[in-house]
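Step one of this worksheet: look at the structure below.
The values are calculated or read from the model by the stated rules, or taken from the named source; none is laboratory data. These numbers come from a predicted model, not from an experiment. Cβ: placed from backbone, ideal geometry, glycine included. Neighbour counts: every protein chain shown. We work out accessible area using only protein heavy atoms, side chains counted, and drop any ligands, DNA or RNA first. Shrake-Rupley method; radii C 1.70, N 1.55, O 1.52, S 1.80 Å.
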Amino acid sequence: MKFLVCISKAPDTTTKIAFTDNNTKFNNDKVVFIVNPYDEWYALVRALELKEKLGGTVTVINVGATDCDAIIRKALAIGADDAVRIDAEPIDAMFVAKQIAQYVKANAYDLVLCGKETIDYNGSEVGGMIAGLLDWGYVSLASSLELNGDLATLNREIAGGYETVVVKTPFVLSAAKGMAEARIPNMRGIMAARTKPVAVVPVFACENYTTILSYELPKEKTGVKLVSPDNVDELVSLLHNEAKVI
Amino acid sequence: MADKIIKQALKGGEFLIRESSSADTFIPEEFNEEQKMMAQMAEDFIDSEVLPVNEQIDHQEEGLMIKLMNKAGELGLLGATIPEEYGGFGKDFITGTLLTEKIGAGGSFAVACAAHTGIGTLPILYFGNEEQRKKYIPKLSTGEMKAAYCLTEPGSGSDALAAKTNAKLSADGKYYLLNGQKMWITNGGFADVFIVFAKIDGEKFTGFIVEANSEGLTRGEEEKKMGIKGSSTRQIFFQDVKVPVENLLGEIGKGHLIAFNILNIGRLKLCAAAMGATKRMATISVEYATQREQFKHKISDFGAIKYKLAEQAIKIFTVESAMYRASKQIEEKAHDLIGSGLEYPKALMGAAEEFAIECAILKVYGSEMLDYVVDEAVQIHGGLGFSEEYTPARAYRDSRINRIFEGTNEINRLLTVDMLLKRAMKGQLDLMTPAMSIQKELMSIPDFSSEDEAPYATQRKQISNMKKGILMVAGAAVQKLMMALEGEQELLMNIANMISESYLCESLLLRVMKMNEIGIASAEHNDILNVNFHDAADRFHFEGRNALSSFAEGDELRMMLLGLKRFSKTEIINTKDCRRRIAARLIDANKYCF
């Protein structure tokens, strides 16, 4: 079984978000990037578990510049066999999906795994787009995956319960919580990561459809005002005069 | 000629009489990607596996510590710096310091881990023969076996060589019969292997490897301790324990070499572990200060709190500069010794012995840094700091032991001076020539030459002056008191503190200079540098004054006090504004960020 896991870089969760160039660019300065947790904890680790059980290979693929090398090596340290980096700044979801789909067309894989979303832009789009471009099946928000020959059984969390689906390989999935437990890479893995192959593939020329106009931070939360339950007048006055909602 | 001297690496203790360049130091900002990944791994392990069960660890939940140690072993954390031929990962000493720092945030677990990887494992690695290494080290580096170090006895703590545990060779010459009692044995409750020091025939102090399942070896009850409650600490009793002769460690009568040399590395590692714990508490302090509101303000808005946050950072950044500087010096010295034919374990031990003075300073200042930071963490938390429901209370209790074990801070201060003077007497360090030239300088007109405008010239001058001050005070004390100096412990403490202040200041300066050279020094890094230099000058002067007045009088005292004043000179800066800027960076990052 050949697994391809899509990984992207994301700012560490404690990052202070700021913008530059008149709020048109994300300020990368001093930002520590990590492997997007959904890609790492769920998609990659489940692919590794299945490889350990059934045999095969796990390749990670990333669309990004050289500044993604560190997160690629982290994925290799956790246990991926090799990596592919498509040498381009990711522009939007469709751009990324086209790059990956193009690579998959040229290199046979049985299963493409993505995280359910990347924790910076939260698009949740790339997986579905890859499946569309390849004309493969797609299971989103999968919380479990079992393989039996070319048949895969997946659970999806839906409102109020679970849905179990069966799908034939090859297909694409997006992984959500429950799929696997985060793995801490060990010393051996970290040292081996240096020597594992990382193929750098030139960008596949394609049109991009969106351009970011501007960013805006959410308004700062104001303090909470506590009104005593028997002081309804004050509550009404505040809602009317300050919050201006009634 | 001058160039040639500069290129030669500094010897241990030589920082006192020679200048160092920023190129010679290692700064944490230089860690490579692999080192950072390993550090992150250790941090993730502590955060996800250890800290969430800290309460259970403190209650010594059955099997929990062993399980966590095994997990650390699986990750490779117990064998990181063990040579690959003995089942480890062969990482360098600096990486070892970094990993110890990261694990250090793990409270009682960190203590168990440090005792196992340091004083438990290293005696066999450094002093064991090939059979002993092959038998034990691979299992110790994976955690399959856990180790403990038995030196202290009820009647011999700091005076370790007064041990009473006795070893007697059996009539058939096949084993030693061990009898005695050891106490405060970390990992005592579960260790599989004990490094035990005993006197053969009541005389020859010698090391032994004793397996826990030996008949006659029994473990006492768990000690009830003020802190690190999760760390197993017991007495170990030996009653006619048969130790095969092949388990004798090193040479007969040379146990002190093992006992004391292991402690050199142990002291630097203690500083590293304290560093990890300290940074965690500094972060917890900032996090709390930025969310707690009083008088309609976050308490981090208040100057009194900003002062504490900044001071925590200044201490951390300063000690860290010295810790990684010394780690690199030890690593380089080890490589030199390998070049001259020593195998790695022996080379590393030799290197740590060379830098024993620096290791002692780091032990003292690392543990006192931690004590300061946890104390202020409690204070910043106010009433909640006193509650066991919150992190600072445990950290406060856990911190206290660090000033006691691995040689009390008093012993380490005495050693700092003692080792320097011994090296001077053996001709390894020429303290006399510079001390004499300072005496001449005292008689001459003070240097009013115009200020050097090179970067950091004032700080360089201050360090050079501090070193002169130390040589003046120590030189005069030696001349005056001679052999009686040994009995003047208060004076020796003063001198040790002066030496340490100059070593820490210089290490801090070298780091900031190097950061400046590669373009990563911020205004706040320079603030840290400037505040520490400003305050260190006063501390230095205070120690020097107490030292001088304890043995000199009249004109001689007056002249030396004037000299001391000259040698304690510093630039007066607005430390309040500096601290506020440092605090602002911490508050903005909402964590320790330097």
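Side notes on the structure shown:
- Filter result for B:GLY253 (in a loop (DSSP other than H, G, I, E, B), open to solvent by 10 Å² or more (accessible area, probe 1.4 Å) and on the phi > 0 side of the Ramachandran plot): yes
- Residues being away from every other protein chain (no Cβ under 14 Å), of a type outside the set (S, T, N, Q) and more than 30 Å from the chain's Cα centre (by Cα) - total across region B:566-594: 4
Let's see how each residue does on (1) among the aliphatic types (A, V, I, L, M); (2) at pLDDT below 95; (3) open to solvent by 10 Å² or more (accessible area, probe 1.4 Å):
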position	(1), (2), (3)
A:LEU4	yes, no, no
A:THR15	no, yes, yes
A:ALA18	yes, yes, yes
A:ASN23	no, yes, yes
A:ASN27	no, yes, yes
A:LYS30	no, yes, yes
A:ASN36	no, no, no
A:GLU40	no, no, yes
A:ALA43	yes, no, no
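- Qualifying positions in region B:536-565 - acidic (Asp, Glu) and either within 14 Å of chain A (Cβ to nearest Cβ) or part of a helix (DSSP H, G or I) (or both): B:ASP538, B:GLU543, B:ASP555, B:GLU556
- Pairs with Cβ under 7 Å, 6+ apart, first in region A:186-201 and at the interface with chain B (Cβ under 7 Å from one of its Cβ atoms), second open to solvent by 40 Å² or more (accessible area, probe 1.4 Å) and part of a helix (DSSP H, G or I): A:ASN186/B:GLU74
- Candidate set from region B:288-318 (those that are assigned to a helix (DSSP H, G or I) and farther than 23 Å from B:SER522 by Cα); member that is most open to solvent (accessible area, probe 1.4 Å): B:ALA304
- When the criteria are applied in full, A:ALA152 fails the requirement of being crowded, with 21+ Cβ neighbours inside 10 Å and assigned to a loop (DSSP other than H, G, I, E, B).
- Condition check for A:ILE17: under 18 Å from the mean Cα position of the chain (by Cα) and in contact (Cβ under 8 Å) with a residue 60 or more places away in the chain: no
- If only residues of region B:72-86 that are more than 9 Å from chain A (Cβ to nearest Cβ) and out of contact with any Gly (no Cβ under 6 Å at 6 or more places or on another chain) are counted, the one that is most open to solvent (accessible area, probe 1.4 Å) is B:GLU85.
- Which listed residue is surrounded by 21 or more Cβ atoms within 10 Å (Cβ to Cβ) and more than 14 Å from chain B (Cβ to nearest Cβ), from A:ILE130, A:ILE72: A:ILE130
- A Cβ distance below 7 Å, combined with a sequence gap of six or more or placement on separate chains, defines the contacts here; from region A:28-55, residues that are in contact (Cβ under 8 Å) with a residue 40 or more places away in the chain reach residues that are in a helix (DSSP H, G or I) and open to solvent by 20 Å² or more (accessible area, probe 1.4 Å) in the pairs A:VAL35/A:LYS74.
- Residue that is of a type outside the set (Lys, Arg), touching a residue at least 60 places away in the same chain (Cβ under 8 Å) and out of contact with any Pro (no Cβ under 8 Å at 6 or more places or on another chain), where the choices are B:GLN439, B:GLN489: B:GLN489
- A:THR211 being out of contact with any strand residue (DSSP E or B) (no Cβ under 8 Å at 6 or more places or on another chain) and either within 14 Å of chain B (Cβ to nearest Cβ) or charged (D, E, K, R) (or both): no
Results for (1) open to solvent by less than 10 Å² (accessible area, probe 1.4 Å); (2) farther than 30 Å from A:GLY223 by Cβ, shown as yes or no for each residue.
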position: B:PHE237; (1), (2): no, yes
position: B:ILE262; (1), (2): yes, yes
position: B:LEU268; (1), (2): yes, yes
position: B:VAL286; (1), (2): yes, no
position: B:GLU320; (1), (2): yes, yes
position: B:MET323; (1), (2): yes, yes
position: B:PRO345; (1), (2): yes, yes
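- Every condition in (1) away from every other protein chain (no Cβ under 14 Å); (2) open to solvent by 20 Å² or more (accessible area, probe 1.4 Å); (3) over 24 Å from B:MET515 (Cα atoms); (4) not hydroxyl-bearing (Ser, Thr, Tyr) holds for B:ALA110 except the one numbered (2).
- Region B:519-537 residues that are under 14 Å from B:SER321 (Cα atoms), paired with ones that are part of a helix (DSSP H, G or I) and hydroxyl-bearing (Ser, Thr, Tyr) (beta carbon under 6 Å, 6 or more apart): B:ASN532/B:THR318
- Strands (runs of 3 or more DSSP E) enclosed by region B:198-248 - at least 2 residues per element that are under 20 Å from B:LYS135 (Cβ atoms): B:204-211, B:233-244
- Remark: A:LYS98 matches the filter, which requires a residue to be under 23 Å from A:GLU125 (Cα atoms), in contact with a Leu (Cβ under 7 Å, 6 or more places away or on another chain) and of a type in the set (Lys, Arg).
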